[in-house]
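The values are calculated or read from the model by the stated rules, or taken from the named source; none is laboratory data. These numbers come from a predicted model, not from an experiment. Methodologically, a virtual Cβ is constructed for each residue, glycine included, from the backbone with ideal geometry; neighbour enumeration extends over all protein chains shown.
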Amino acid sequence: METSSSRQRAATPAIEIEHLTRHFKDLVAVDDLTLTMRRGELLALLGPNGAGKTTLMRMLCGVLRPDSGAIRLFGDAGRSLPRAQRTRVGYCPQALVIWRDLTCTEQLVLMGEMFGLKRRAAHARAEELLRVLGLEHKAASRAQSLSGGMKRRLNIALSLVHDPELLILDEPAAGLDPQSRILVRKVILGLAHDKDKAVLVSTHDMDEAERLADRVAVMDHGRLIALDTPAGLKACGQACGRVEVLLPGESPDRIDAAAAALDGLAPHMVQTEDSVVLAGDASVAEGVRGRLAKLGVEPAEIRLRQRTLEDVFIELTGRRLRD
Amino acid sequence: MKATTIFSTVLRQKQRDPLGLALTVMTAPLFVVLYWLFFSDAPSAYIVAVHDADVDSSSVSPMGEVALGRSLVLALADVTSSDRRALFSIKVVRDRPALEKMLRAGRADVGLLIPAGFSRTLQQEHDRAAEIKLVGDATRQAFQVASTLIRGVAETFGHRVRGSTPTVKATIEAVGLSDARTVFELYVPGLLVFTVIMLIFSSSMSVVREVEAGTLARLRLAPVSTLSLLAGMSAAQFLLGILAVALTFGTASLVGFRSQGSLSLALLVAGVASLASVGIGMVVASLSRSVSRAFLISSMAMFLLVLFSGVIFPQPRVPLFSVAGRVVDLFDVLPTTHMGVALNKVLNLGAGLGDVGYELTWLAVISVLNFAVGGLFFARSARPATQAWEGMP
């Protein structure tokens, strides 16, 4: 039977961020960001390099103080994370942060004890995590002897050892092979949907975000520029289709000329190094053929497809390379 | 030509690490300057503690004898080097225990005992030499040089008074059992000092390794206090230090080293000094962004601790002030100064706890201070370690 305290617990958001700002000298890394996340939700955080994702995550796990604004974790407000609250948050950094000379079990037990687990409980937890992440056969192996994928899975395990209620994962699947990626995805989904954890995942992999996330947040220049479900972000009324005009082998001048010729044919158009992508359907594709024929440009292929999250991302953040 | 490219690339990389480059090429010149500062004007006079029992017998006897002991002391005070600097600095003490105390504390290089009746023997008993005693720590080079010089001065003095041989006979008397030590045994205290200094390398590099790997930042994510981190890391280093000292003792004993004093007292001295080393290691860690930098800065600290502590080379004297009759020197701030003196006293002179109380007190104070400063620096370095995880922002 559901009690009032469990109802209250379920109703309390995992994260409430209000007008959060953080500067590094003149650079505004996170700019007046407001966001709420509930328990059991998996939120994917997208953004180009330097968008402020990592700064946001580091403020959430208490290693960085905001300049202004408020963070409420599980209803408790504060400018920085009190020590007691740290047991409720698990952070997996993008870089591999493991003890090369310790075995998998040893380092999981170490972190477990640091988070207040008794040694026996820490051992049991280490065993469980190694099994879940497919590392049980490497329990007694030193981290330096693991493959790159195994090290990354160990990196994730270290952030889970204290069974946190909020899990912050910074590009957890980067560099993983497809098999490991599937396993990690399954683990992350299980944490959010089966164990009612709030999971915040940053990624550059749009496909990963689409497969994993209940909602997707897009950050750029420190600001939150979009927040919706993957379907909601891709939704676009009548202009959900994309016409992809492939122009491999054409010179940049010719591609620029082609893009100029196609301008105005569709509400959205994105030019890449060897293609032009327009919002639209088969009728737009016909228009493309006609205009390019007049210009004397023959595309290798004109492909009709649905709008992807990557299209949305590029439309929101542009194509300019970031630092 | 590829070698040329690699050569220039290596130099370019070195140039972009100015502190590392400076530590590599400037350490020795810096120490040349420091030695010049401390030694160029330093008095090279040997300190002679004198107890003149001849003075008490008669300054001028009824038979017209003069106090020759006093004259000998004045003769010593008049001896100058080729550049006209006094060769001996004379400190007159009231009795032999006071003289031995000065010697044990290292506040005198040699003790000169002039017995009662020295004048009478020299003036009246022409068939035998007048005796004096030269007392000192036989393990110290300064004692050996000073006693040879004094012997020469005394013989010349006796010859001038008596005009024939035998004149003055100087007998050497070692403090404690210092004359019974082999050269090998004399080196052991210095080697123990090195063992403790190595802890600076070990503690600084292990902390910086954790910072570089980001694992210190990971630990900081847990509700663990800086004090717990510091205590855990330091305790491990301290244990390693004690183990290294014990192994050094064990190895030395196996190959014939004989300690004149209590080994547990020597271990206590080394243990307290180890704490100071770990503290210095934490300061070094906080100044280092990489393990290689920690190594370079530790080397610099090692040079300072070895060269200015008197463990290998003579220690420059830079007196600052006096407390309870003891002169506090600039280099008293180095733990190795007191460790070296205390270990020498215990291992070579057979000193007990009471004899090394002064050094142990200094070591304890330095250790607490080093540890406190090291802890503060550690707390500071542990925080920005989180930046090692990923670039800004």
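Quick one: what pairs do we get from the stretch A:252-276, first residue in the same structural domain as residue A:289 (by TED's automatic domain parsing), second among the polar types (S, T, N, Q), C-beta under 6 Å, 6+ apart or different chains?
A:259/A:271
Within the stretch B:240-264, restricting attention to residues that are surrounded by fewer than 18 Cβ atoms within 10 Å (Cβ to Cβ) and of a type in the set (Val, Ile, Thr), which residue is nearest to the other protein chains (Cβ to nearest Cβ)?
B:242
Can you pull out every residue in the stretch A:102-130 that is among the basic types (Lys, Arg) and either farther than 25 Å from residue A:86 by Cα or buried (at least 16 other Cβ atoms within 10 Å of the Cβ) (or both)?
Passing the criteria: only A:125.
Taking the stretch A:52-69 only, how many residues are among the small types (Gly, Ala, Ser), in contact (Cβ under 8 Å) with a residue 40 or more places away in the chain and at the interface with chain B (Cβ under 9 Å from one of its Cβ atoms)?
Summing the residues that are among the small types (Gly, Ala, Ser), in contact (Cβ under 8 Å) with a residue 40 or more places away in the chain and at the interface with chain B (Cβ under 9 Å from one of its Cβ atoms) in the stretch A:52-69 gives 1.
What residue, among those in the stretch A:237-264 that are touching a Leu at 6+ places or on another chain (Cβ under 6 Å) and not small (Gly, Ala, Ser), is nearest to residue A:308 (Cα to Cα)?
A:243
Here is a yes/no grid of residues against (1) under 30 Å from residue A:93 (Cβ atoms); (2) of a type in the set (A, V, I, L, M, F, W, C):
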site: B:137; (1), (2): no, no
site: B:163; (1), (2): no, no
site: B:184; (1), (2): no, yes
site: B:205; (1), (2): yes, yes
site: B:228; (1), (2): yes, no
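Can you pull out every residue in the stretch B:3-32 that is over 34 Å from the mean Cα position of the chain (by Cα) and small (Gly, Ala, Ser)?
Within the stretch B:3-32, B:3, B:8 qualify.
Give the residues of the stretch B:128-141 that are in contact with a Phe, Trp or Tyr (Cβ under 9 Å, 6 or more places away or on another chain) and either of a type outside the set (A, V, I, L, M) or surrounded by fewer than 17 Cβ atoms within 10 Å (Cβ to Cβ) (or both), sorted by residue number.
Passing the criteria: B:131, B:136, B:137.
Residue-by-condition table, conditions (1) among the small types (Gly, Ala, Ser); (2) in a loop (DSSP other than H, G, I, E, B); (3) under 9 Å from the mean Cα position of the chain (by Cα):
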| residue | (1), (2), (3) |
| --- | --- |
| B:298 | yes, no, no |
| B:302 | no, no, no |
| B:309 | yes, yes, yes |
| B:316 | no, yes, no |
| B:321 | no, no, no |
| B:328 | no, no, no |
| B:331 | no, no, yes |
| B:343 | no, no, no |
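Show me the strands (runs of 3 or more DSSP E) found entirely inside the stretch A:6-70 where at least 1 residues are of a type in the set (Lys, Arg) and in contact with a Pro (Cβ under 6 Å, 6 or more places away or on another chain).
Correct list: A:15-24.
Residues B:61, B:57: which one is at pLDDT below 85, closer than 30 Å to residue B:130 by Cα, exposed (fewer than 15 other Cβ atoms within 10 Å of the Cβ) and not acidic (Asp, Glu)?
The conditions single out B:61.
Could you list all residues from the stretch B:292-323 that are under 15 Å from residue B:37 (Cα atoms) and either among the aromatic types (Phe, Trp, Tyr) or without any contact (Cβ under 8 Å) to a residue 24 or more places away in the chain (or both)?
B:308, B:315, B:319
Given the stretch A:218-312, what strands (runs of 3 or more DSSP E) lie entirely inside it while holding 2 or more residues that are buried (at least 17 other Cβ atoms within 10 Å of the Cβ), at pLDDT below 90 and aliphatic (A, V, I, L, M)?
It comes to A:269-271, A:275-279.
Which ones in the stretch A:89-114 are of a type in the set (Val, Ile, Thr) and facing chain B (nearest Cβ under 9 Å)?
Within the stretch A:89-114, A:89, A:97, A:98 qualify.
Can you report the number of residues in the stretch B:198-219 which are more than 14 Å from chain A (Cβ to nearest Cβ) and surrounded by fewer than 23 Cβ atoms within 10 Å (Cβ to Cβ)?
The total comes to 3.
Can we say residue A:220 is within 14 Å of another protein chain (Cβ to nearest Cβ), out of contact with any Asp or Glu (no Cβ under 8 Å at 6 or more places or on another chain) and acidic (Asp, Glu)?
For residue A:220, the condition - within 14 Å of another protein chain (Cβ to nearest Cβ), out of contact with any Asp or Glu (no Cβ under 8 Å at 6 or more places or on another chain) and acidic (Asp, Glu) - is met.
When the residues of the stretch B:220-239 are filtered to those that are among the aliphatic types (A, V, I, L, M), surrounded by 18 or more Cβ atoms within 10 Å (Cβ to Cβ) and assigned to a helix (DSSP H, G or I), which remaining residue is nearest to the other protein chains (Cβ to nearest Cβ)?
Step by step, filter the stretch B:220-239, then rank; the result is B:221.
Mind listing just one residue for me: the one in the stretch B:22-54 that is loosely packed, with under 12 Cβ neighbours inside 10 Å and among the β-branched types (Val, Ile, Thr) and, of those, modelled with the lowest pLDDT?
In this case the residue turns out to be B:32.
Only one of these is modelled with pLDDT of 90 or more, surrounded by fewer than 19 Cβ atoms within 10 Å (Cβ to Cβ), basic (Lys, Arg) and outside the structural domain of residue A:58 (by TED's automatic domain parsing): A:185, A:142, A:152. Name it.
A:142
Which of the numbered conditions does residue A:68 fail, given that it passes all the others? Conditions: (1) in the same structural domain as residue A:203 (by TED's automatic domain parsing); (2) among the small types (Gly, Ala, Ser); (3) crowded, with 17+ Cβ neighbours inside 10 Å.
Just one mismatch for residue A:68, condition (3).
Name the single residue, out of those in the stretch A:15-41 being within 14 Å of another protein chain (Cβ to nearest Cβ) and touching a Lys or Arg at 6+ places or on another chain (Cβ under 7 Å), that is surrounded by the most Cβ atoms within 10 Å (Cβ to Cβ).
That would be A:30.
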